[in-house]
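The values are calculated or read from the model by the stated rules, or taken from the named source; none is laboratory data. This structure is a prediction, so every number in the text was calculated from the model and none was measured. Reconstructed Cβ throughout: ideal geometry from the backbone, glycine too, with neighbour counts over all protein chains shown.
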Amino acid sequence: MQGLKSTKKEDKEILIIIPAYNEAESIGDVISSIKKTLSHVDILVVNDGSTDDTAKIAMELDVTVINHPFNLGIGATMQTGYKFADSKGYNIAVQVDADGQHPPEEVKNLLQPLEKKISDAVVGSRFLGQGDYKPSLVRGIGMLVFSKIISTIIRERSTDTTSGFRAVNKDVIKFYVNNYPEDYPEVEALVLLHKAGFKVIEIPITMNARTGGVSSITFPRAVYYMIKVLLAVFVDLLKKVDR
């Protein structure tokens, strides 16, 4: 991996982390849209071993790119992003997917609770407010199961545990450097944050349809995903987690 060896500089404000695997079809538009909407942020693309032109397109748009030598998965990809954010002293990190589903104009809404110090982490929920997102049947069942279980564990209502549209403050960035889950991390990360004493809130957001590629979540993968994540969550409940 490239880009993690430099010494820490003065604190910076906001880093957009874009995890990307074979997103050449959409990555250019995503970066351009972020630059147009959020001129005050820095952008990092973590290219997770793509076999297409994802990295080439991102570098041509003058953003920082870290390349994994091969595909490591979303958990490792985001942890690379958080390690970079920590090494550079960013105060806030925002995850934005490379497929165009996360509108840059919604980022400011994710940032407000962090800037007001209302919470340590903010999750954009597709199921609050006026959004019209409708998942497939099997995905919807999984989301409902995760929502019920996580809400019970953290003792707060959690409606969109699989949302990857998130923002975190500096303390969470540091925590994630050593404590970010592997594989499908979104659900498990909420449990770890709760156990470590961080305040997490949801806000309503609207998501777009993906502008390129197709979802990797097939029916067999969805079932496997549900079982694996639930097992990981229950294991996390037995762990000691330190901030």
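Within the range 53-62, is there a residue that is surrounded by fewer than 20 Cβ atoms within 10 Å (Cβ to Cβ), over 18 Å from Tyr82 (Cβ atoms) and touching a helix residue (DSSP H, G or I) at 6+ places or on another chain (Cβ under 7 Å)? Yes, the range 53-62 contains at least one residue that is surrounded by fewer than 20 Cβ atoms within 10 Å (Cβ to Cβ), over 18 Å from Tyr82 (Cβ atoms) and touching a helix residue (DSSP H, G or I) at 6+ places or on another chain (Cβ under 7 Å).
Got a sec? Which of Val145, Val177 is outside any strand (DSSP E or B) and at pLDDT 95 or above? Result of the check over Val145, Val177: Val177. On the basis of being within 20 Å of Asp183 (Cβ to Cβ), of a type in the set (A, V, I, L, M) and part of a helix (DSSP H, G or I), does Ala98 make the cut? For Ala98, the condition - within 20 Å of Asp183 (Cβ to Cβ), of a type in the set (A, V, I, L, M) and part of a helix (DSSP H, G or I) - is not met. Here Ile203 fits the description: under 30 Å from Gly28 (Cα atoms), touching a helix residue (DSSP H, G or I) at 6+ places or on another chain (Cβ under 8 Å) and at pLDDT 90 or above.
Exactly one residue among Ser39, Ser33, Ser50 is assigned to a loop (DSSP other than H, G, I, E, B) and either at pLDDT 95 or above or touching a strand residue (DSSP E or B) at 6+ places or on another chain (Cβ under 6 Å) (or both), and that residue is Ser50. In summary, Pro185 fulfils each of the numbered conditions (1) loosely packed, with under 15 Cβ neighbours inside 10 Å; (2) closer than 24 Å to Gly124 by Cα; (3) modelled with pLDDT of 80 or more with the single exception of condition (1). If you filter the range 90-114 down to residues that are acidic (Asp, Glu) and out of contact with any helix residue (DSSP H, G or I) (no Cβ under 7 Å at 6 or more places or on another chain), you find that the one that is nearest to Ile16 (Cα to Cα) is Asp97. Evaluation of Ala24 against the conditions (1) touching a residue at least 60 places away in the same chain (Cβ under 8 Å); (2) assigned to a loop (DSSP other than H, G, I, E, B); (3) closer than 27 Å to Gly89 by Cβ shows that the sole unmet condition is (3). The residue list Lys117, Lys134 contains one member that is modelled with pLDDT of 95 or more, out of contact with any Pro (no Cβ under 9 Å at 6 or more places or on another chain) and either farther than 20 Å from Met78 by Cβ or not in a strand (DSSP E or B) (or both), which is Lys117. For Phe234, the conditions (1) touching a Phe, Trp or Tyr at 6+ places or on another chain (Cβ under 9 Å); (2) of a type in the set (Phe, Trp, Tyr); (3) modelled with pLDDT of 85 or more all hold with the exception of (1). Among the residues of the range 64-89, those identified as in contact with an Asp or Glu (Cβ under 8 Å, 6 or more places away or on another chain) and outside any helix (DSSP H, G or I) are Thr64, His68, Asn71, Leu72, Gly73, Gly89.
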